[in-house]
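Just so you know, all these numbers are worked out from the coordinates, no wet-lab data involved. Everything quoted here is computed from the prediction, not taken from an experiment. FYI the Cβ positions are ideal-geometry reconstructions off the backbone, even for glycines, and counts take in every protein chain you see.
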Amino acid sequence: MTHSSSTAPAGSTQGSQAGGQAMWGGRFSSKPAELMQAINVSIGFDKRLAAQDLAGSRAHAAMLLKQGVITSEDEAAIQGGLAAIEAEIAAGTFPFRDEYEDIHMNVEARLRELIGPAAGRLHTARSRNDQVALDFRLWVRDACDRTVVQIQNLQRALVAKAEPHAATLMPGFTHLQPAQPVTFGHHLMAYVEMFGRDASRFSDARARMNECPLGAAALAGSPFPIDRHATAQALGFAVPTANSLDSVADRDFALESLSAASICATHLSRLAEEIVIWMTPQFGFVKLSDAFTTGSSIMPQKKNPDAAELIRAKVGRILGSLTQLTVVMKGLPLTYSKDMQEDKVPTFEAFDALELSLAAMAGMVADLEPVPERMAAAAGAGFSTATDLADWLVRTLDMPFRDAHHVTGAAVKKAESLGCDLPGLPLAELQAIEPRITAAVFDVLTPEASAASRKSYGGTSPEQVRIQIARWKEKLQ
């Protein structure tokens, strides 16, 4: 079964650089038209798969040797040539050339220049179809791993900012209207939970994509006695893929990862929007240093939260990438079609945008300086302790909640007409609405008392907030 380097194995690509022919050019008598070359070439973007392509080739060559498909001399030459190519890429001296279309053919062409005919052995029992499926899957898997690390860095920044502010009052909002007092630490920890789910989505996607397509060849598998379990293990996969058609035809691993990226970017955008709002003079809840703000070319007083605004915008790019790849894939019959060459650019762009946004948000959170006095002043605005009055009526007077809700609404209306808040409403006015109300009610009508009373698990009481901070500090160690 073993082939020597003197003759090419059946089915291998015997690239002929002579005469400018493409490496797949045996079937064709002339070179592609210029426009065909322009639309077909992908090396400009898929050279980002170089490390993955080399890793796949190393594993494939080692397996071919072990299975007796190539000789030890050819395998040694191939491994040496791949090492030389890796060094050239690292040094920036590798000659990426458009005439070889993609990263796979560029590597193979350079390998032939370095080691001669033995290079042609490497493509035995594989195709560019399973090769690109492998390379791209490896790249997305690495991107998911990097993203999880970055999300955890952001979570640590949020936890570190939340800890000293577990009891710092601020208004909680619904409909962007004051609802109930909460703490700034509790608000930040809400995003820790969101980003925790984002990290788990990337981890779940990684687990599902952790199957190796190498060895599926063009679409039907290989007649050579290859060991797909060995190459899967060598490349860190759990198992080889179980269907050769599916192996080369699908990109759901990229779609799922882009979906997770879109959700994560949405969470980033929501936090960015809150920072933008909080920094307005009308709110004045937080400050950012010069490191994450910019000025105006005409208005010298301006300090704009541009980093937050740009993060807020990135969700458009990332969601657009998911939509783009979904549309590319939606009408493709099995198995491979050249349309799938368009899978990489949106995926690369989405992860580039997400990784930059996560790093910028982590820096911005660390830089964030709360203004507790402004937050506390706003915490009691808009009758935010109205629910506490209703709860007191239920607990103390055994009033049905719906009746308590009605009494509280009347109290709010009276306070509004007198131009005061609920803690400032005279007891006589409250008793005119409900005679059984006593002065004890005022113990629950301050924002501090309201927040402190929310002691249910996951609530906003400082005690509960500190429990969640401790839980996440342990999880993120």
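GLU429 to ASP403: FRET efficiency via 1/(1 + (r/R0)^6), r the Cβ-Cβ distance, R0 25 Å, to the nearest 0.05? Let's see the in-between values first.
Values: r = 18 Å, r/R0 = 0.74.
The formula returns an efficiency of 0.85 here.
Distances longer than 16 Å among the Cα atoms of the stretch 373-456: what percent of all pairs is that? Walk me through the numbers on the way to the answer.
Details: 1676 of 3486 pairs.
Cα-Cα pairs of the stretch 373-456 separated by over 16 Å account for 48 percent.
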### Task
Please name whichever of ALA205, ALA166, TRP472 sits farthest to the positive end of the charge dipole of the chain, dipole taken about the Cα centre and charges placed at Cβ: Lys and Arg +1, Asp and Glu -1.
ALA205
### Cα gyration tensor category, rounded, prolate or oblate, for the stretch 130-250 with a/c compared to 1.5
prolate
### Summary
Note on the chain: helices (DSSP H) long enough, at least 30 Å by alpha carbon along their axis, and hydrophobic enough, mean Kyte-Doolittle at least 0.0, are 252-279, 306-329, 344-367
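Give a quick list of chymotrypsin sites (Phe, Trp or Tyr not before Pro) in the stretch 393-465 that DSSP marks as loop, anything other than H, G, I, E or B, with at most 11 other Cβ atoms within 10 Å. Walk me through the numbers on the way to the answer.
Values: sites: PHE401, PHE442, TYR457; in loops: TYR457.
Those that pass, being in a loop and sparsely packed, are TYR457.
Quote the convex hull volume per residue of the stretch 151-214, based on C-alpha atoms, as a whole number of Å³. If you can, show how the numbers build up before the last one.
Values: hull volume 6.1 nm³, N = 64.
For the stretch 151-214, the hull spanned by Cα atoms encloses 95 Å³ per residue.
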#### Entry: Nonlocal amide H pairs with VAL182, under 5 Å, H built at 1.01 Å
MET170, GLY172
### Query
Going toward the positive end of the dipole of the stretch 87-166, with +1 on Lys and Arg Cβ and -1 on Asp and Glu Cβ, which of GLN155, ALA87, ALA118 do you reach last?
GLN155
### Task
May I ask for the distance between the Cα centers of the stretch 413-447 and the stretch 49-108, given as a whole number of Å?
79 Å
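Per DSSP helix of 4 or more residues, -39500 (n - 2.57); summed, then divided by the residues of the chain. What does that give at 222 nm, rounded to the nearest 500? Don't skip to the answer; put the middle values down first.
Numbers: 18 runs with 277 residues, N = 477.
Rounded to the nearest 500, it is -19000 deg cm²/dmol.
Hey, can you rank 288-294, 262-268 by average C-beta count inside 10 Å, highest first?
Working: 288-294: 14.3, 262-268: 21.9.
Highest mean packing first, the order is 262-268, 288-294.
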### Query
In percent, how large is the relative contact order of the stretch 307-402, given Cα pairs closer than 8 Å and 6 or more residues apart?
29 percent
### Query
Taking LYS161 as the anchor, which aspartates and glutamates have their alpha carbon closer than 15 Å to its alpha carbon, excluding any fewer than eight residues away along the same chain?
GLU193, ASP367, GLU369
#### Entry: Cα-Cα P(r), the chain, percent of pairs per 10 Å interval
4, 16, 20, 17, 14, 11, 8, 6, 3, 1, 0
### Query
How long are the semi-axes of the ellipsoid equivalent to the stretch 329-477, from square roots of 5 times the Cα gyration tensor eigenvalues, in whole Å, largest first?
51, 21, 17
### Message
Please list log₁₀ I(q)/I(0) at q = 0.24 Å⁻¹ for the stretch 208-247, using the Debye equation with identical point scatterers on the alpha-carbon positions.
### Response
-0.72
### Message
If you filter the stretch 393-447 for trypsin sites (Lys or Arg not before Pro), then keep DSSP loop positions with at most 13 other Cβ within 10 Å, what is left?
### Response
ARG436
